[in-house]
Amino acid sequence: MRPAASLATVISAVCAAAVLAGCGTPSAAPSTSPPATSAAASAPPSTPVSPSVTVPAGWKTFTTSDGTLAFDYPEAWTIVDPAGPPAEGGVFVALVSDYGKTMATLRTGMVAGAECPETLPFMVYDTEPVPALAQDGVTPRFVYEGRTDPASSDPSKSLTLGYGITSEPEAVGDKACPISHYFTWPPNRAMFSGVYDPFDTTPGAPKNVDTPEVYMDTTEYKDVKQAIMSLRPAGK
């Protein structure tokens, strides 16, 4: 596998474990110390509280209208909700930068999965697990990846770059299916993803960024990655 997104101006809208603990008190030799009280000996086990999320300074938290998911984002960015007709029982939200560029879309209630009409040379540039969204023992991951189309002679169309959360199996070998970022989320699937177009001319967007690797060093990429990876069950 070689290390690895295309512009889509689509505006769109959009997990923990319980631990039980207890303790016992061994018998002790008589002493002059006051005996332990029965209340202390029979104190009920405490229920751990999930670590609270620390929202970065200058960021806000958005919670989906159905109260199931939340994520953080730069306060200068905006949320479009709804960004379009959502799937039945789902949400459709868009995360837009302060210069009007759609950075990512969150959709839930997705029924259709990824399709694979062809395989293409692929590259993975960045990947990191998102444990807050683990389902049935499977931990999804954030990935920033690309696909090349050897049949295209147009530089603006021969490389597709995208980032988002996926729980699809990792590709192996030299080729992979087209980019498709879906992850398992009740009642079926969800997606929180975006695209990077090196040829984008949105005013205010990073300039002179002509390679996927260089884009990773921009504030824009670091902010959208942090926002996407902050996705979690609401209230966690």
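Annotations
- Each residue in the range 168-204 was checked for being more than 17 Å from ALA104 (Cα to Cα) and open to solvent by less than 30 Å² (accessible area, probe 1.4 Å), and 2 pass.
- Selection within the range 106-129 - under 25 Å from ASP149 (Cα atoms) and in contact with a strand residue (DSSP E or B) (Cβ under 7 Å, 6 or more places away or on another chain): GLY113, THR119, LEU120, PRO121, PHE122, MET123, VAL124, TYR125, ASP126, THR127
- Contact map, the range 68-86: first residue open to solvent by less than 60 Å² (accessible area, probe 1.4 Å) and acidic (Asp, Glu), second residue outside any strand (DSSP E or B) and modelled with pLDDT of 95 or more, Cβ cut-off under 6 Å, separation 6 or more or different chains; pairs are ASP72/SER230.
- Residues in the range 130-144 that are open to solvent by 20 Å² or more (accessible area, probe 1.4 Å) and touching a helix residue (DSSP H, G or I) at 6+ places or on another chain (Cβ under 9 Å): 2 in all.
- Unique match (being of a type outside the set (Gly, Ala, Ser), closer than 25 Å to PHE71 by Cα and open to solvent by 30 Å² or more (accessible area, probe 1.4 Å)) among THR127, THR108: THR127
So that you can scan it fast, the table gives a plain yes or no per residue for (1) at negative phi; (2) β-branched (Val, Ile, Thr); (3) open to solvent by 50 Å² or more (accessible area, probe 1.4 Å); (4) in contact with a Cys (Cβ under 7 Å, 6 or more places away or on another chain):
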position	(1), (2), (3), (4)
GLY58	no, no, no, no
GLY89	no, no, yes, no
THR102	yes, yes, no, no
GLY146	yes, no, no, no
THR160	yes, yes, no, no
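- Across the range 101-119, the number of residues qualifying as under 28 Å from THR202 (Cα atoms) and in a strand (DSSP E or B) comes to 7.
The values are calculated or read from the model by the stated rules, or taken from the named source; none is laboratory data. If you're wondering where the values come from, they're calculated on a predicted model, not measured in any experiment. Neighbour counts run over all protein chains shown; Cβ positions are idealised from the backbone, glycine included. Each accessible area value is taken on the protein alone, full model and side chains, heavy atoms only, with ligands, DNA and RNA left out. Shrake-Rupley method; radii C 1.70, N 1.55, O 1.52, S 1.80 Å.
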